[in-house]
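Some notes on the structure that comes next.
The values are calculated or read from the model by the stated rules, or taken from the named source; none is laboratory data. Source: prediction; values computed, not measured. Positions of Cβ are generated from backbone atoms using ideal geometry, with glycine treated the same way; all protein chains shown enter the neighbour counts. With ligands, DNA and RNA removed, areas are computed over all heavy atoms of the protein, side chains included. Shrake-Rupley method; radii C 1.70, N 1.55, O 1.52, S 1.80 Å.
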Amino acid sequence: MLAFLLLFIPFLLGLYCAYKKDGRNVLVISIGTVVAVLLCTIKSMFFFSHRVVPYSFGMNLYYHFIQGILPLALLIIIYFLLTKGNFGEKVEFVFPLIASFFMVYLPYFAMNSVESSVYSSYVLFIRPIIYGSLLIYVSYCLNYINKFLKNKLTVVAMGLLLIVCLALPVVFDSLYDIGKSVNLVYIFAIIYSVIPIAYSVFLFLKKND
């Protein structure tokens, strides 16, 4: 049952590497993986991981932002600050970096975000799809910002879209945690996920046609 949670993001990363063959991806993927392993190790050693889910949308929103979105944002910011090259060169390797990080971190985060050791279909299937889609959204938004860097309106629009894309997984997770409109959460989560994944698969198939 855990196979999908464990393998979905590695599958997306494999598709990306097959689509965009670049030897430099190996180093980037290695860095993302090592950072995730170190973070998970530190969290498991020094922080109490068992969670009692509160019936509060705001508290769950805060929890999922801190545990899910903040590590992603910090990873990208640190990557841009520490690496050399122009903005376009850095953007080129954002997806393999964050995907390799989340293929390790997401299972740890997902399995520690619930009270029970019996995981729901949301945790096992919907959450990896949501976060896999989020990584694709982040990559596309940054690529479009780079492509239209001189067009301020487009940059602002992509920036706002990026914020929305980052916010929605937190909202979905928080609503699910309190059992609010669960069926709608599933529906909107699937809609959120279909567009970037379908578009990415289309690009992959088109290139290999």
Fill in the blank from the handout: Taking region 74-90 and keeping only residues that are open to solvent by 70 Å² or more (accessible area, probe 1.4 Å) and either basic (Lys, Arg) or within 13 Å of the chain's Cα centre (by Cα) (or both), one is left with Leu74, Lys84
Completion exercise
With criteria (1) open to solvent by less than 20 Å² (accessible area, probe 1.4 Å); (2) among the hydrophobic types (A, V, I, L, M, F, W, C); (3) under 20 Å from Ala3 (Cα atoms), Val114 comes up short on (1)
Completion exercise
Checked region 69-106 for anything over 14 Å from Gly32 (Cβ atoms) and among the small types (Gly, Ala, Ser); matches are Ala73, Gly85, Gly88
Problem - Top-ranked residue of region 136-192 - restricted to ones that are free of Cβ contacts under 8 Å to residues at least 60 places away in the same chain and hydroxyl-bearing (Ser, Thr, Tyr), ranked as most open to solvent (accessible area, probe 1.4 Å) - result: Tyr144
Completion exercise
The condition of being more than 27 Å from Ile145 (Cβ to Cβ) and under 16 Å from the mean Cα position of the chain (by Cα) holds, among Phe47, Phe4, Phe101, only for Phe4
Problem - Among (1) open to solvent by less than 50 Å² (accessible area, probe 1.4 Å); (2) touching a residue at least 24 places away in the same chain (Cβ under 8 Å); (3) within 30 Å of Ile197 (Cβ to Cβ), the one test that Ser56 misses - result: (3)
Practice task
Any chance you could count how many residues in region 91-106 are in a loop (DSSP other than H, G, I, E, B) and open to solvent by less than 10 Å² (accessible area, probe 1.4 Å)?
Solution key: 0
